[in-house]
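What follows is one structure encoded as structure tokens, with my remarks underneath.
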Amino acid sequence: VLFVCTNNRDPSDPRGSCAARGANELLGQLKGLTHEHGVKGQVRATASGCLDMCARGCAVAVFSEEEPAAETWYANVTPDDADALFESHILERSRLERLVEK
């Protein structure tokens, strides 16, 4: 399961929000990739409330029983990263290290 934070804070909040950073577009792209690659039903991309990482850009938490890990947290994810994240984590079963939250 790919949980994409779609939290939307007031624009004056200094932490920002994932929604303002393109989370809904990112979610749509990830959902589309599950269809495109024929893994819908095996892999789910879904909206999440706040994952407490909005100050570090759009957040995605991935939980799986498969490799590369049971739990991986990604930060600073943009809609432009959707293909690379999906290919790496879902198709190749390896973390996209440049976005892994340490």
Hey, what do the phi angles of region 8-20 turn into as Karplus ³J(HN,Hα) couplings, whole Hz, using 6.51/-1.76/1.60 and θ = phi - 60°, x for Gly and Pro? 10, 9, 4, x, 7, 5, x, 6, x, 8, 5, 4, 5
Amide H within-cut-off set for Ser64, under 5 Å, with H built and near neighbours excluded: Glu71
Helix 23-36: inclination vs the chain longest Cα principal axis, degrees, rounded to 10, gives 10
Could you compute Rg(Cα) / (2.2 N^0.38 Å) for the chain, with N its residue count? 1.00
Amide H contacts of Ser48 (H built 1.01 Å from N, under 5 Å, at least 5 apart or other chain): Val4, Cys5, Thr6
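Take Asp10, Asp52, Asp81 and sort them by solvent-accessible surface of the protein heavy atoms, 1.4 Å probe, largest at the top.
On the way: Asp10 95, Asp52 125, Asp81 15 Å².
Largest accessible area first, the list is Asp52, Asp10, Asp81.
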So in the chain, what percent of DSSP beta bridges are antiparallel if you round to the nearest 5? 60
Kindly write out, for region 66-82 in residue order, the coupling ³J(HN,Hα) from the Karplus curve 6.51 cos²θ - 1.76 cosθ + 1.60 (θ = phi - 60°), rounded to whole Hz, with x marking Gly and Pro. 9, 4, x, 6, 5, 8, 9, 10, 10, 10, 6, 7, 10, x, 5, 8, 4
So which residue, out of Gly32, Gly22, Gly57, gets the largest mean-square fluctuation from a GNM of the chain using Cα contacts under 10 Å as springs? Gly32
Compare the Cα positions of Gly57, Ala75, Gly16 along the charge dipole of the chain (+1 at Cβ of Lys, Arg; -1 at Cβ of Asp, Glu; about the Cα centre) and return the one farthest towards the positive end. Gly16
Note down the magnitude of the dipole of region 17-102 about its Cα centre, charges +1 on Lys and Arg C-beta and -1 on Asp and Glu C-beta and zero elsewhere, to the nearest 20 debye. 220
I'd like to check one number: the per residue accessible area of the chain, probe 1.4 Å, reported in Å² as a whole number. 55
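The values are calculated or read from the model by the stated rules, or taken from the named source; none is laboratory data. Just so it is clear, the structure is predicted and the values come from calculations on it, not from any experiment. All Cβ positions, glycine included, derive from the backbone under ideal geometry; neighbour counts span all protein chains shown. We work out accessible area using only protein heavy atoms, side chains counted, and drop any ligands, DNA or RNA first. Shrake-Rupley method; radii C 1.70, N 1.55, O 1.52, S 1.80 Å.
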